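Below you'll find the structure, written out as structure tokens, and then a few comments.
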Amino acid sequence: MYCRYVRVLIVVLVLSVVACGPADPPQPGAKSGGSDAYDIAKLMASADAAKGKAFFMQCRACHSLEQGGKHMIGPNLYGVFGRKAGAAPGFSYSDAMLAADVVWTPETLDHWIEMPAKLIPGSRMVFVGIRNPQDRANLIAYLQAETGDTAGMSPEEAAPAGEMPQEP
Ligand code: HEC
């Protein structure tokens with residue numbers, strides 16, 4: 001009788017070790033914040049600026065968008081696309097922002113809006129972040145429309161190299 005219990009116990013122990021075993025090694029490609037788990041260009045292609053406008057409510061206490069708009073707690077964002085971080089004239093940025101090697105594109109903005117402190121640690125922008133990638137894409141589309149970006153296109157898109165008429 002006693003032996004059988006021991007045997008059952010051993011079987012149970014072995015089974016539980018086996019069951020736990022394969023889960024232990026870290027899985028390559030496992031989620032690490034999720035930043036690379038989606039394609040921002042794809043999301044931008046189907047982004048809805050009108051929906052993004054609602055999310056700008058979370059920014060407007062600190063940012064204006066229109067050309068010549070005032071700096072508030074944060075800098076005016078007109079012309080922000082294609083500009084280096086920390087470069088709006090007349091705004092006093094944090095040292096972290098001035099030192100950051102970041103140019104604002106839909107991709108860098110996506111990371112910024114997701115979690116400012118992760119993209120530029122030590123910046124003074126206090127913002128919790130927007131979790132949903134499509135929400136961020138919608139907001140970025142709205143920003144492109146409102147800040148004078150070339151129809152929301154990157155320079156390559158605006159003037160595709162292959163389509164330049166080149167007569168020999
Ligand atoms: C509580 C105020 C606050 C809120 C809310 C806020 N920001 Fe900011 N933002 C700032 C400040 C302050 C800076 C400058 C940070 C620094 O100098 O470290 C900044 C910087 C930025 C920059 C960089 C500008 C540049 O010239 O390099 C962008 C882009 C930006 N914010 C976008 C947003 C967006 C989009 C939202 C809403 C999702 C938002 N911010 C919400 C305060 C805010």
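If I model a spin label at Val126 and Arg4 as a point 7 Å from the Cα along the Cα→Cβ vector, what separation in nanometres do I get?
Distance between label points: 6.9 nm.
May I ask you to compute the full-extension gain from Glu66 to Gln134, defined as 0.36 nm times their residue separation minus their alpha-carbon distance, rounded to one decimal in nm? The partial results should precede the final answer.
Details: separation 68, 0.36 × 68 = 24.48 nm, distance 2.40 nm.
Going from the current span to full extension adds 22.1 nm.
Pulled fully out, how much extra length does the chain show between Tyr38 and Ile73, if you take 0.36 nm times their separation in residues and subtract their Cα-Cα distance?
Numbers: separation 35, 0.36 × 35 = 12.60 nm, distance 3.16 nm.
In short, 9.4 nm is gained.
By how many nm would the segment from Asp48 to Val103 grow when fully extended, if each residue of separation counts as 0.36 nm and the alpha-carbon distance is taken off? Mind dumping the intermediate values first?
Numbers: separation 55, 0.36 × 55 = 19.80 nm, distance 2.32 nm.
So the extension gain works out to 17.5 nm.
Could you grab the relative contact order for segment 39-101? Cα pairs under 8 Å, six or more apart, rounded to a whole percent. Write out the running numbers ahead of the final one.
On the way: 49 pairs, mean separation 11.6, N = 63.
The value is 18 percent.
Set the Förster radius R0 to 22 Å, insert the Cβ-Cβ distance between Phe91 and Ala117 as r into 1/(1 + (r/R0)^6), and round the FRET efficiency to 0.05. Spell out each step's value before the answer.
Details: r = 19 Å, r/R0 = 0.87.
Efficiency at R0 = 22 Å is approximately 0.70.
Applying the Karplus parametrisation 6.51 cos²θ - 1.76 cosθ + 1.60 with θ = phi - 60° to the phi angles of segment 66-83, what ³J(HN,Hα) value in whole Hz is obtained for each residue in order, glycine and proline being reported as x?
So the J values, rounded to whole Hz, are 6, 4, x, x, 6, 6, 10, 5, x, x, 4, 9, 4, x, 5, 5, x, 9.
Using modelled amide H (1.01 Å from N, peptide plane; none on Pro or chain starts), what sits under 5 Å from the amide H of Val103, excluding residues fewer than 5 places away?
Here Ala85 satisfy the definition.
Taken together, the values in this text are just the output of simple stated rules run on the coordinates, not laboratory data. None of these values were measured; they are calculated from a predicted model. Using ideal geometry, Cβ is built from the backbone for each residue, glycine included, and neighbour counts are taken over all protein chains shown.
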